[in-house]
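Engineer: Please read through the structure below; I'll follow up with questions.
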Amino acid sequence: MEDMLKDFVVEALELATNVEEHLLTLERRPDDKETLNAVFRSFHTIKGGAGFMSLPAMVSACHLTENLFDALRTGAAPVTPLAIEAALQASGFVADQLTELANGARPESLSAMPQALEDILTQAIEGKADMVVVAVQATVAAAAMSAAATAAAVPVSSATMTNGVLDWEALYAAVVPGAIASVNQPTAHAVHAPEVAAIASAAAAAAVITRTSPAPGEKPPATSIKEDSIRVDAVKLDALLEVAGESVQAANQASVLLEKLQQFKFDGAAAALMASLTETLNRASRYSTELQRATLSTRMQPVGRLFQKFPRLVRELAKDLGKDVELVIEGAETEVDRVVVDSLYDPLVHMLRNALDHGIESATDRASLGKSTKAIISLKAWQEANSVMIVLGDDGKGLNAAELRKKAIKKGLISDAAAQTDQEAYQLVFLPGFSTKEVASSVSGRGVGMDVVKTAVEKHRGAISIDSALGQGTRFSIRLPIELSIVPTMLVRTADAALAMPMAVVQRVVELPETFMEVGGSPVLRDQGQPLPVRSLAAILGYTPGPERVGIVIASPNPYILAVEKVEGTAEMVIKPLTALSVQGITGTARSAEGELVLVIGLSFLLDGCKVNVATLAA
């Protein structure tokens, strides 16, 4: 039963999340019959599983909502704001109970359905449709007696299995006869929650379900379609990826050793043995690489899994703030590492709350500026080279660089000479304790949030940048590696130190002259007609600079050239994050094919121009 409950919770949580998305779609398109039917089916399916798992409060909420949507889809009642609100509250209640179960709560410890939820659902049914209120006392007693009489004889057989997966509706129908009949009936009845709960409780108490074996000579029932997925603990996948990465690293080191061995001359049996060894190592290297790629693919998930949580959040916050805002989502199918998907929820929530509270003007202000009273917040994702871009933008009032600088100086966060350019001023929003709000509200203004966003992004070797136009809006761009554990890098050497930098920011490699022209006392090189500042990687990282005659053009918001002694090639590195210490500019370590320790330069550090963190400007 424990495994069945776990399966039910996972499936029901997915349905509940989809329900919220459908409800918000329905709010915009109330005549969408397909969406109406989808919501009805989702609540109906959850009710079936909840009834079988003896979750009476969930059954009650789903049943009343099912009645409401039966009326809506048959035209007996119109889709109104009250109906949408009631359904959203029911969906939230169901999701909360499922989350509690997922966190280890026992079914019997779950709270009863709140009276307020029952009231709003009942009002939506009775006040918006001509529903027939039936006397259910006899029905309750009859259903309970019928369930007690028949449940013991009901097996979990092929009748309750679909493609090898438990059919929750069939199970519920088995223990509560007649409960599923309402699916095909056009008219729903307003049955009160306590009575529905009584049905579910009585049925669950009476049900004794056994798994039957086929009679002698009888063939077991066969399913026509093979189950094509299984659930695996994420920890096991992470362990598998770790082993796969190490196997690739070992294969690369073996290839290097083989190349060194081939410099010697072998005759006779030794030559044949070397040929066989070469073939075997090449095959092992190929298979280990394929294993690594296959393992990596199991960790990839579409960002839509994350994005689908935000439409309701935006709707509720906009409603609280008295603003009319629409969230437009694009690129939900873009895939990224599972760890990134799980960790980006809080940062994106902070950004959405800030956009709603700080960025979007009131309807009156927008109208006076000639803007549409409905504001647009866009959330987009796409793949760009070896990175994933997530961009959140709004068409609000934009950032005022002068005001940001003035506020930071007033709070003592920076000196008077700091953050002179607009881009540097925009970066001030990431300082801990910085806020443009004079009075903190329940939404924002406490000076926390954007610094958390930057920290979370950089933790996963990502970078965040800001573009803004006063009066037109603001755009936050997050760049993240598609795969966290394996990163395509360029290997360089300077001051006898082995270093690697993400290929995502490498534009091209150029030869550096012995002397440079200077602008403001700093070296500058004209590259493809554009003057670019030249910066010594050795000096930036605290090494003693040597002769640096190779330049790497870095594709950042403000392009520049990074000077190194030599480029040693490219490689896909298995990155190990630094945990015991923090080094400015270094995000992790890796092993080269020769087994040498390599320091990996952070993506955000390179995109920021290899400058010190903006927080140090206050010094």
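Engineer: At a 1.4 Å probe radius, carbon and sulfur cover how many percent of the accessible area of the stretch 1-101?
Structural biologist: Of all accessible area on the stretch 1-101, carbon and sulfur atoms account for 51 percent.
Engineer: To continue, here is another question. Could you pull the accessible area for residue 63 with a 1.4 Å probe, rounded to 10 Å²?
Structural biologist: Using a 1.4 Å probe on the heavy atoms, I get roughly 30 Å².
Engineer: Evaluate 2.2 N^0.38 Å with N set to the residue count of the stretch 236-340, then give the Cα radius of gyration divided by it.
Structural biologist: Normalised Rg, Cα atoms only: 1.94.
Engineer: Could you compute how much accessible surface residue 34 exposes when probed at 1.4 Å, giving the result in Å² to the nearest 10?
Structural biologist: Rounded to the nearest 10, the figure is 140 Å².
Engineer: Still on this structure, I have one more. In the stretch 2-71, which trypsin sites (Lys or Arg not before Pro) are in a loop and have at most 15 other Cβ atoms within 10 Å, using DSSP for the loop call?
Structural biologist: Answer in residue order: no site qualifies.
Engineer: When the Cα centres of the stretch 83-105 and the stretch 338-391 are compared, how far apart do they sit, in Å?
Structural biologist: For the stretch 83-105 versus the stretch 338-391, the Cα centre distance is 26 Å.
Engineer: I would also like to ask the following. Take 299, 549 and sort them by solvent-accessible surface of the protein heavy atoms, 1.4 Å probe, largest at the top.
Structural biologist: 549, 299
Engineer: Testing the spin-label approximation: label points 7 Å from Cα along Cα→Cβ at residue 242 and residue 33. State their distance in nm.
Structural biologist: With each label placed 7 Å out from Cα toward Cβ, I get 5.5 nm.
Engineer: Further question on the same structure: Tell me, what is the 1.4 Å probe accessible area of residue 568, in Å² to the nearest 10?
Structural biologist: Solvent-accessible area, nearest 10 Å²: 90 Å².
Engineer: Would you please state the base-10 log of I(q)/I(0) at q = 0.22, 0.34 1/Å for the stretch 55-95, with intensities from the Debye formula using one equal scatterer on every alpha carbon?
Structural biologist: Log10 I(q)/I(0), no solvent term: -0.67, -1.14.
Engineer: If you don't mind, there's one more thing I want to ask. With a sphere of radius 12 Å drawn around the Cβ of residue 527, what net charge do the other residues whose Cβ falls strictly inside it have (Lys, Arg +1; Asp, Glu -1)?
Structural biologist: Here the charged neighbours net out to +1.
Engineer: In the structure displayed, which of 397/611; 236/566; 323/380 lie more than 31 Å apart, Cα to Cα?
Structural biologist: Over 31 Å apart, Cα to Cα: 236/566.
The values are calculated or read from the model by the stated rules, or taken from the named source; none is laboratory data. Note that the structure is predicted; figures quoted are calculated from it, not measured. Cβ coordinates were reconstructed from backbone atoms using ideal geometry, including for glycine residues, and neighbour counts include every protein chain displayed. Side chains included, ligands, DNA and RNA excluded: accessible areas come from the protein's heavy atoms. Shrake-Rupley method; radii C 1.70, N 1.55, O 1.52, S 1.80 Å.
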